[in-house]
Amino acid sequence: MHAGRIGGRAALLTTATAMALVLGVAASAQTAAPAPADIKKHETTPSGQYEPSLDVLKEKSLPAPGAVEGVPALTQAEADEANVIYFQRCAGCHGVLRKGATGKPLTTDLTRELGYDYLMNFITYGSPAGMPNWGTSGDLTEQQIDIMARYLLNEPVAPPEWGMAEMKASWTVEVPVDQRPTKQMNSLNLDNLFSVTLRDTGEVALIDGDSKAIVTIIPTGYAVHISRLSASGRYLYVIGRDGLVNLIDLWMDPPRSVASLKIGYEARSVETSKMEGWEDRYAIAGSYWPPQYVIMEGDTLEPLRIVSTRGMTYDTQEYHPEPRVASIVASHYNPEFIVNIKETGIIQLVDYSDVQNLKTRSIPAERFLHDGGFDRSGRYFLVAANARNKVAVVDTKEGTLTALVETGATPHPGRGANFETAEFGPVWATSHLGDERIDLIGTDPEGHPDHAWKVVKSLEGQGGGSLFIKTHPNSRNLYVDTPLNPDAEIASSVAVFDLDDLDKPYEVLPIGEWAGIDQGMRRVVQGEFNRDGTEIWFSVWNAVDQESAIVVVDDKTRTLKHVIKDPRIKTPTGKFNVYNTRKDIY
Ligand code: DHE
């Protein structure tokens, strides 16, 4: 089990329980508790493994719930232990406030109907419908399950908010703007620099794409999720899971963090203004908790406006108390950020031309929006509504929803892959967590109207558990990773398709083996091209106490070109080439 997803398994309810919960049917402990004989061992699926784990929030001590007559109480020590377990393993599906997300709600009106014995059994044995067998798998002890059953019978305690006062108190500017260089002071080829997440050490490594040498390692927030570039390419923004944004000035020698701001307790996304006339002006970051986004000054990270995403779901129009902010991208057609809100299924177009009197357009799309990228023209943004097996397409020029496209099971594109096909014209592709499909969606409504916004072709890859897919305008290869596939060989290799002959069987590149590492799962994750599109880099992601590496593949020959190994390269995951990230090339 790799470090990233320990314990972050999907927690769903059995069909019977779900029905009881949905219908509000009282299920007494005696009649409704699942009998062990009925329970099959639940094998966690790759999609199940990929549910959010609130690793930072779990460290926050919250007061034990107050005593309620007839409800078994928890000591402070038990409440602390329950919070750690709940935020790490359960909240991703059931929500911080237990109002439900991809999993069912676990509010006390429902859990008290089910009763203590039922909850004990259910947590112990799990269900074939997706709830892990936490007890019989050995993940939780009987004592921990007792604590969890009592925890669920008590009201949830909401973690604290993080408003302007907290943000301002966390804000540092280590190098003020007037003390920064006015030109590039180092001799780096910045366009071919890579920012590499060292997940479990809380750092990013800047690696020179030409020499493959580590330029510097910069301390950041915990488990940086993504890196994004300012429009000019001077500033690099990284965001940790703990909500810490670092602003790195690439002109300094060596590049270093010049400002930081903590925007919340749990976060995954950051972006910068890209519209002509607004280059490098603003940054934006979104959080899972509290559910909000903040617009900041681009060169200092001074927080300017915080906007809550709490509100109504797009379809049933019911209030959702914690809609998490997933991906954010910047429009090239308007001074707007495109903010994807997971649980409500709403895409907000946030007009940053007047931050004081903020105008937002709200597009109903689909629930569980996650990650996505632009089509090759940069006009359309395609985002996976992963738990709904759909991709939503937004026209960023007109500010409207263009289409909802049905895909395979749990699409996970990263930013996706754009390429030209002889038959369908330009397409954007996504792979999937839930199956082996790679879906190609037509993206040219003018030149190829019959194919636009449809899955025009599905390729068959190595298997489910794929997270990222990649190509480059100068490449005719399509690379598909499968780091969450349960088969170790598949997890440590990538499939390559020939874009000039999509029906040709894919070739398997044994990246983990090429790394020369013989320990751990050697999960191979997230291909990223160099500036010229002549080589692609893959992370070989092992646990923090094991060897990891970055493997560079020659794109033309599909052969090993270089292995970057260094004791400092621990748990590498995302890699972001400055030029390609800045220009949305993928
Ligand atoms: Fe990610 C992108 C959320 C787990 C590596 N990830 C994203 C984005 C979101 C997200 C919302 C899009 C950001 C954007 O474009 O603005 N990721 C989540 C989760 O909620 C989830 C499922 C579980 C969690 O608890 O975080 C999750 N992600 C992971 C991992 O386990 C990965 C493989 C390793 C890690 O670092 O934790 C991982 N996510 C990445 C990477 C990207 C990403 C490398 C950016 C890809 C790109 O090419 O842009």
Are there any pairs with C-beta distances below 6 angstrom linking a residue in segment 458-469 that is surrounded by fewer than 21 Cβ atoms within 10 Å (Cβ to Cβ) to a residue that is assigned to a loop (DSSP other than H, G, I, E, B), with the two at least 6 apart or on different chains, and if so which? Glu460/Glu436; Gly463/Glu436; Gly463/Thr482; Gly463/Asn485
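In this structure, is Gly298 of a type in the set (Gly, Ala, Ser), more than 14 Å from the ligand (Cβ to nearest atom), surrounded by fewer than 20 Cβ atoms within 10 Å (Cβ to Cβ) and over 16 Å from the mean Cα position of the chain (by Cα)? Break it down into steps so the answer makes sense when it comes.
Details: of a type in the set (Gly, Ala, Ser): yes; more than 14 Å from the ligand (Cβ to nearest atom): yes; surrounded by fewer than 20 Cβ atoms within 10 Å (Cβ to Cβ): no; over 16 Å from the mean Cα position of the chain (by Cα): yes.
The answer is no for Gly298.
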From (1) open to solvent by less than 50 Å² (accessible area, probe 1.4 Å); (2) within 16 Å of the ligand (Cβ to nearest atom), pick out the condition that doesn't hold for Arg388. (1)
Which of the helices (runs of 4 or more DSSP H) contained wholly in segment 84-176 include at least 2 residues that are crowded, with 20+ Cβ neighbours inside 10 Å and not charged (D, E, K, R)? 91-94, 108-114, 116-125, 142-153
Take Phe497 and decide whether it is within 13 Å of the ligand (Cβ to nearest atom) and out of contact with any Ser or Thr (no Cβ under 7 Å at 6 or more places or on another chain). no
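Taking into account only those residues within segment 237-289 that are part of a loop (DSSP other than H, G, I, E, B) and among the basic types (Lys, Arg), which is surrounded by the most Cβ atoms within 10 Å (Cβ to Cβ)? Steps first, answer last, please.
In the first step, residues of segment 237-289 are kept if they are part of a loop (DSSP other than H, G, I, E, B); the result is 240-243, 250-255, 263-265, 273-281.
Narrowing the set further to residues that are among the basic types (Lys, Arg) leaves 241, 274, 281.
Details: Arg241: 23, Lys274: 25, Arg281: 19.
Filtering first and then ranking leaves Lys274.
Please work out which residue is nearest to the ligand (Cβ to nearest atom), limiting yourself to segment 328-356 and to residues that are farther than 20 Å from Glu279 by Cα and open to solvent by 10 Å² or more (accessible area, probe 1.4 Å).
Residues of segment 328-356 farther than 20 Å from Glu279 by Cα: 340-348.
Restricting the remaining residues to those that are open to solvent by 10 Å² or more (accessible area, probe 1.4 Å) gives 342, 346, 348.
Details: Lys342: 8, Ile346: 15, Gln348: 14 Å.
Going through the qualifying residues, I end up with Lys342.
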Checking Val496 against (1) open to solvent by less than 10 Å² (accessible area, probe 1.4 Å); (2) out of contact with any strand residue (DSSP E or B) (no Cβ under 7 Å at 6 or more places or on another chain); (3) aliphatic (A, V, I, L, M), which test does it fail? (2)
Can you confirm whether segment 442-449 contains a residue that is farther than 27 Å from Lys397 by Cα, of a type outside the set (Val, Ile, Thr) and touching a residue at least 24 places away in the same chain (Cβ under 8 Å)? no
Residue by residue through segment 187-200, note down the ones that are away from the ligand (no atom under 12 Å from the Cβ), open to solvent by 20 Å² or more (accessible area, probe 1.4 Å) and more than 26 Å from Ile284 (Cβ to Cβ). Ser187, Leu188, Asn189
Give me the pairs, please: first residue somewhere in segment 227-252 and charged (D, E, K, R) and away from the ligand (no atom under 12 Å from the Cβ), second residue anywhere and open to solvent by less than 10 Å² (accessible area, probe 1.4 Å) and not in a strand (DSSP E or B), beta-carbon distance under 6 Å, and either six or more positions apart or on two chains. Arg234/Leu250
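Matching residues to (1) at pLDDT 90 or above; (2) farther than 23 Å from Pro219 by Cα:
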residue: Pro132; (1), (2): no, yes
residue: Leu152; (1), (2): yes, yes
residue: Gly163; (1), (2): yes, yes
residue: Pro176; (1), (2): yes, no
residue: Thr182; (1), (2): yes, yes
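Could you list, in sequence order, all residues of segment 535-586 that are aliphatic (A, V, I, L, M) and within 12 Å of the ligand (Cβ to nearest atom)? Walk me through how you get there before you give the answer.
At the first step, the residues of segment 535-586 found to be aliphatic (A, V, I, L, M) are 536, 540, 543-544, 549-553, 560, 563-564, 569, 578, 585.
Within segment 535-586, Ile585 is the sole residue that qualifies.
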Identify the single condition in (1) modelled with pLDDT of 80 or more; (2) within 16 Å of the ligand (Cβ to nearest atom) that Pro63 does not satisfy, given that it satisfies every other one. (2)
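Working carefully through the options Thr75, Thr107, Thr102, find the one that is of a type outside the set (D, E, K, R) and farther than 30 Å from Thr313 by Cα. Steps first, answer last, please.
Values: Thr107 fails: farther than 30 Å from Thr313 by Cα; Thr102 fails: farther than 30 Å from Thr313 by Cα.
After applying the criteria, what remains is Thr75.
Could you go through segment 211-221 and let me know if any residue there is modelled with pLDDT under 95 and open to solvent by less than 10 Å² (accessible area, probe 1.4 Å).
So in segment 211-221, the residues modelled with pLDDT under 95 come out as 221.
Going one step further and asking which of them are open to solvent by less than 10 Å² (accessible area, probe 1.4 Å), we end up with 221.
Among the residues of segment 211-221, at least one is modelled with pLDDT under 95 and open to solvent by less than 10 Å² (accessible area, probe 1.4 Å), which makes the answer yes.
Tell me, yes or no, whether segment 366-376 has at least one residue that is within 30 Å of Lys58 (Cβ to Cβ), away from the ligand (no atom under 13 Å from the Cβ), within 21 Å of the chain's Cα centre (by Cα) and crowded, with 19+ Cβ neighbours inside 10 Å. Please lay out each step first, then the result.
From segment 366-376, those within 30 Å of Lys58 (Cβ to Cβ) are 366-372; that's our starting set.
Add one more test, that the residue is away from the ligand (no atom under 13 Å from the Cβ), and what stays is 366-367.
So of that shortlist, the ones also within 21 Å of the chain's Cα centre (by Cα) come out as 366-367.
Those still in the list that are crowded, with 19+ Cβ neighbours inside 10 Å too: 366-367.
Checked segment 366-376: at least one residue is within 30 Å of Lys58 (Cβ to Cβ), away from the ligand (no atom under 13 Å from the Cβ), within 21 Å of the chain's Cα centre (by Cα) and crowded, with 19+ Cβ neighbours inside 10 Å.
Going by the structure shown, is Asp191 modelled with pLDDT under 95, under 19 Å from Tyr237 (Cα atoms) and not in a loop (DSSP other than H, G, I, E, B)? Show your work before the answer.
Values: modelled with pLDDT under 95: no; under 19 Å from Tyr237 (Cα atoms): yes; not in a loop (DSSP other than H, G, I, E, B): yes.
No, not satisfied.
The values are calculated or read from the model by the stated rules, or taken from the named source; none is laboratory data. Computed from a predicted model, the values in this text were never measured in an experiment. With ideal geometry, Cβ positions are generated from the backbone for all residues, glycine too; neighbour counts draw on all protein chains shown. Quick note on the areas: whole protein, heavy atoms, side chains included, nothing else; ligands and nucleic acids left out. Shrake-Rupley method; radii C 1.70, N 1.55, O 1.52, S 1.80 Å.
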